[in-house]
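The values are calculated or read from the model by the stated rules, or taken from the named source; none is laboratory data. If you're wondering where the values come from, they're calculated on a predicted model, not measured in any experiment. Methodologically, a virtual Cβ is constructed for each residue, glycine included, from the backbone with ideal geometry; neighbour enumeration extends over all protein chains shown.
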């Protein structure tokens, strides 16, 4: 605000007068003196408050000292033509965060040596730094490697400015070098291996670089890569030791600093491995692991500490074609193919958050890059627990991290809603960006969809809703777009009902607003997916229909969702056609792609349902092969598909193979995810089934119990998977004549839970009822069985039961009818048997008559 | 042991003539015009006096070695001694020199900082608002205070109340004590004290307001 003279004069007078009074009277005076002029009053109070805060303090402590700035500004001791020790300064060749760089030379016995002299910034100067520098100098000067820019000398100017004399490297920074020459990925990696060799040499001499970044890697015209500034970051960082890590790392490039560097933990070779991974990431896909543009410090920190970098293949999808062209590739799809798979795994292994999960040494990293270039299997895939999943299952940690991210997203949304003006569009992009980070985090964290209990995340999502709702009327397209993102997150973490509801609102808003048709289409497809997950099949169908009416070209996602819905209504062949077409149109997508993957699994499912078990097995085996081209062998998707293969072999009448497959995958997932993971439960369940088929009852019981205890812990007592496994257990136990009561008790429990959880029309409920009734009958409890089979729920269920459940039910009903001697009771009720009621018999008679009439 | 080396360009001793005669004349003429209110000559003055200031700074460096403490006051005083000690400089009043020196130091500094920021795309100079909790700890570290913002605040203040702003400029950029400002500005001690007190509170308030706005925009 530009103060005018009158106002300042007035303020001055009032301020002066106030300060003549005791401090306690300031407020009263200010109120009285300013009268109605509330702006003046406010300003006066501000001035008085500042006066109170700074009174008695040294000017320098309030406004800072001019000295450092002055010192920096004044003496220009080093410039072209000046002499620094035995070196003549020729010209300034660069200025950077650490200081200025000059080209210089010295002549010795007729031999001219050209060097680069780097003058560190004045602010970095202190006696401690110089001491440390001299301590490090010896070690650094000892590094002699063609890939390391050699340290020749170090010292300090008279004014204390430290300088470093280095070998002069005339080259351009790594990325520029590669991009300008349109170098292929292979060529880039070959240059990168030179860097690895240099870093490895330094590590062997116990020197850690600490600040590896593209600008520190120069490539000479002849193609030799040189790494600059070895060890300097350590000297600098050490200079600030004890005054907080944020300051310590101020001069380090933020994007390549490893999480432990940010946290101020011990810096080891693992930091360099991390930074090398970051360089390699960008070298391959053209983008830094984290998008640091416009992100706040806190956001950055959260990303570096907690968010796994997005796979390069996903980042490439958002990148510009230029990046592919720079690598001699025709388009982004080609680049994505080239940088997925092993390359992705190598990079990701470098970028793990925990130092011990990275390559243990640069040599190991180099081995893998060499393996990759030679098309050999890489080390990164061997025996490594799958990182992101482990992160996810580590429940205490992930929700906290994502919770923090969500808070950022929520705050951004709130900001958007507050703005409500033209700027909202830009803000929306930011919010969308925050959300897409989240969405990616969730999607990559939980491919198995077994969570549902991430309470922290859910609470934050719930908190986002009210802020979001405010835009429903005023900015429908904004609402649609944000709500759709949040819904996707909800769907990804298994909150399908909640997700479907929010998608409904989003679709509502999209209809009213002018949402981009493509985005609208996507929203409707995702809503269909959420509705399907929530069990609302008809509405899912409706949403798909609505999407297809938008006139946008149908996407593979639409086809997959449509096929899933068709499978529900047993329209297998149509579903198979759609899925095959969707898979064909997604053939360039990598195995990380959720849709490309699920299309294949659904196709196998559809084929199985259609009775084509051999083709289903072929698809599954093909899918696993495809997975192996890009995924870590320990990736849950591979485990889940292998489990399906075991199932499929059993269905094909190859139980021995099924059993050996199931044993193998069970052992693998235990090793990979630990004994309490949901994958272990799934594998145990399938293993149990194979064992039962081959009549290994006691071992089957043991693995079923293993699965049950995991499911109960993770999914709860009434989750379908828990109940299915309990049912299988009952089927094992019931075969043992000595344990009939135990089995009956289990059946009763499972049936009871299913009734509540799935309702009467569920085939699972009907199946469980039949088994329970069969056990009752076999144990001579015919009356109880009959009551069960003629209950209101049973009658409802019979009409929707699948063929086998229906015929079983009818057979059991007839058996019970006879066992209770209903015909006899109908003619002459037996007073000696009060437990036998006429009513169930009558109901059974009606049911059977109807069944006979229908057939 | 750390090698130290001096650049020959820094070793111009006190015995060596600082300026040639024509420069002296220029300075005399320019200073007179500046004193008479011609602010347009400030650039030329800066070009002439800046080398003197710089040379003095370099001399201090030489004399004291690496324990460099460049106090603006000493710098200004020494510059005055040197320039006034030469012949044909009519302004014997040290106070007038203080006034121009403070203005020049301020200009040189601000230009320098601006240039540095442009070089670094604004990324490397960290500014901290005065309401920052760690303000006191940070200002000790050097140019962490937003001198650009301070300069702008001071200009705003000068537009409305030049006398108050002048006191602040002398205090902040020439490092003068209240008594020296009293002599320089020919004002009473009480007035200088009140001016300074007001300027201090006003700048402080203005700077933290600016910092807050900048935070919100950023």
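For segment B:178-201, name all the residues that are more than 10 Å from every other protein chain (Cβ to nearest Cβ) and without any contact (Cβ under 8 Å) to a residue 12 or more places away in the chain.
The initial filter retains those residues of segment B:178-201 that are more than 10 Å from every other protein chain (Cβ to nearest Cβ), namely B:178-193.
B:179, B:182, B:188, B:189, B:190, B:191 - these are the residues of segment B:178-201 that are more than 10 Å from every other protein chain (Cβ to nearest Cβ) and without any contact (Cβ under 8 Å) to a residue 12 or more places away in the chain.
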For this session: Run down A:169, A:219, A:207 and say which single residue is touching a strand residue (DSSP E or B) at 6+ places or on another chain (Cβ under 6 Å), over 20 Å from residue A:287 (Cα atoms) and not in a helix (DSSP H, G or I).
Result: A:169
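In the list A:599, A:667, A:614, which residue meets the criterion of being under 25 Å from residue A:316 (Cβ atoms), modelled with pLDDT of 90 or more and assigned to a helix (DSSP H, G or I)? It would help to see each step written out before you state the result.
Working: A:667 fails: under 25 Å from residue A:316 (Cβ atoms); A:614 fails: under 25 Å from residue A:316 (Cβ atoms).
Result of the check over A:599, A:667, A:614: A:599.
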Seminar exercise, completed: residue A:605: passes all of (1) touching a helix residue (DSSP H, G or I) at 6+ places or on another chain (Cβ under 6 Å); (2) crowded, with 20+ Cβ neighbours inside 10 Å but (1)
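Hand me the list of helices (runs of 4 or more DSSP H) wholly inside segment A:671-764 holding 3 or more residues that are touching a helix residue (DSSP H, G or I) at 6+ places or on another chain (Cβ under 8 Å), more than 23 Å from residue A:649 (Cβ to Cβ) and modelled with pLDDT of 90 or more.
Working: elements: A:678-693, A:697-715, A:720-733, A:740-758.
Per the criteria, A:720-733, A:740-758.
Hey, can you tell me all the residues within segment A:1-29 that are more than 13 Å from every other protein chain (Cβ to nearest Cβ) and either outside any helix (DSSP H, G or I) or crowded, with 17+ Cβ neighbours inside 10 Å (or both)? Walk me through how you get there before you give the answer.
So in segment A:1-29, the residues more than 13 Å from every other protein chain (Cβ to nearest Cβ) come out as A:21-25, A:27-29.
Matches in segment A:1-29: A:21, A:22, A:29.
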Exercise. In the list B:123, B:175, which residue meets the criterion of being at positive phi and at pLDDT below 80?
Worked result: B:175
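So is residue A:352 under 23 Å from residue A:261 (Cα atoms), assigned to a helix (DSSP H, G or I) and within 22 Å of the chain's Cα centre (by Cα) or not? Spell out how you get there, then give the answer.
Values: under 23 Å from residue A:261 (Cα atoms): yes; assigned to a helix (DSSP H, G or I): no; within 22 Å of the chain's Cα centre (by Cα): yes.
It is false that residue A:352 is under 23 Å from residue A:261 (Cα atoms), assigned to a helix (DSSP H, G or I) and within 22 Å of the chain's Cα centre (by Cα).
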Exercise. Tally time: how many residues in segment A:338-356 are in contact with a helix residue (DSSP H, G or I) (Cβ under 8 Å, 6 or more places away or on another chain), at pLDDT below 85 and buried (at least 17 other Cβ atoms within 10 Å of the Cβ)?
Worked result: 4
Exercise. Does segment A:795-809 contain any residue that is part of a helix (DSSP H, G or I), free of Cβ contacts under 8 Å to residues at least 24 places away in the same chain and crowded, with 20+ Cβ neighbours inside 10 Å?
Worked result: no
